[in-house]
1. What ranking of Ser121, Ser308 emerges when the number of other C-beta atoms within 10 Å of each C-beta is taken as an exposure proxy, fewest first?
2. Percent of Cα-Cα pairs per 20 Å bin, from 0 to the last occupied bin, for the chain, please list those.
3. Given R₀ = 22 Å, FRET efficiency for Trp274-Ala220 by Cβ-Cβ distance, to 0.05?
4. Separation between the Arg138 and Arg10 pseudo-spin-labels, each 7 Å from Cα along Cα→Cβ, expressed in nm?
5. Among Ala192, Ile101, Gly147, whose Cα sits farthest toward the positive end of the charge dipole of the range 92-231 (+1 at Cβ of Lys/Arg, -1 at Cβ of Asp/Glu, about the Cα centre)?
6. Would you mind working out the magnitude of the charge dipole of the chain relative to its Cα centre, with +1 at each Lys and Arg C-beta and -1 at each Asp and Glu C-beta, to the nearest 20 Debye?
7. Expressed as an acute angle from 0 to 90° and rounded to the nearest 10, what is the orientation of the C-alpha long axis of helix 316-331 relative to the principal long axis of the chain?
8. Treating only the Cβ of Lys, Arg, Asp and Glu as charged (+1, +1, -1, -1), what charge dipole size does the range 284-353 show about its Cα centre? Round to the nearest 20 debye.
Amino acid sequence: MNRAFWQPRRLVFWVYAVMVFLGGLVTVLSQVFAGFIAPGAVLPALGGVVVLGPVMVVVLALVQGPDRPPATARWAGLVWGGLAAVSVASVANEVLGSVVIKISGRAHAVDWSAAWVAPTSEETVKLAGIVAVACIAREHIRRPADGLGLGMAVGLGFQLVENLSYCLLAASEAPNSDAGAAVEVLVARSAAGLASHWVFSGFAGFGVGYVLTRAGRSAAHRWLVAGGMFALAYAAHWFWNSPLLWFETVLDGFLGIAVKTAVILAAFAVVVGWADRLSWRWFAANLAGEHPDVITPEELAAMRTRRSRRRAKLGARRQRAFIALARARHDSPAPEADPVVAQRRWAVAGLRPTPVHG
């Protein structure tokens, strides 16, 4: 690991490590036990994770663009979501499920328990991981978009391992075919994964990033935004799990899923757009004083939106180089005398025919 996440002098690093170790132990043992009960489901369940995982990583990369948190921080978030969060949430779900039954009665809980229990436990424990990783890699969380990316990684880890768990559980309870039950659940959950945990935790991660990076705003404003983002994550998860738009027929059921997916993704698109606008302001503020040989006014303006970048034909390498320079300037107390900034500046210049002057 690089210095983005390897921070052994920070207590939260060791809290994270212990939680991941214990959670991972519980998660692995439970999956192994389920695999012994339904051995025929192991291969399709693992195969589904192996196939879906890279696909979702590509989706997340497309959402974030070239401006992403450090890879080690994203991997740390993925690991928290898949190991620590899943194991803690599974225990909490059992406890909260019993509470819902006692409060509302079994008849109500049959339809509504998942809507209240899962968001309460799962969004909370995923948020804890987002906060932990953000605090460990604090110097690398510079904008709300970094928190958004970290949140999506935590949610994806949770989503993949939860899919595996549900496949093995369904197979263990199936009276006929282990593999058939696992494939059926895998297909259903993969189709529903377009607006699932990676989106919910993306909302919460944006809020964490907003609190940590928007120093120009009052503490009350930042915490209000963070609270609103967590509420949005909770509401989206509640809406997804609720019996609203449930229908009797298969065709109408798919229609209900499509409507829920569209609503949640529309809200997510708004948040991603907000993150992009804040990133642009941060980017422009850090590179406004650069010489035109490094970044021209036209290139600076083209970095404003994803569409304008495509129109200006700014390749991913040049975009990453510009962003790396902006990060170096942001992190340096004296950027004009900083050798790291100079190195990043020359890296930008190396991608164009005109050298940097002065």
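Values quoted throughout were computed directly from the atomic coordinates according to the rules given, and no laboratory measurement underlies them. Note that the structure is predicted; figures quoted are calculated from it, not measured. Using ideal geometry, Cβ is built from the backbone for each residue, glycine included, and neighbour counts are taken over all protein chains shown.
1. Placing the least packed residue first, the sequence is Ser308, Ser121.
2. 27, 53, 18, 2
3. 0.70
4. So the two model labels end up 0.7 nm from each other.
5. Gly147
6. My answer is approximately 1580 debye.
7. 80
8. The calculation lands at about 660 debye.
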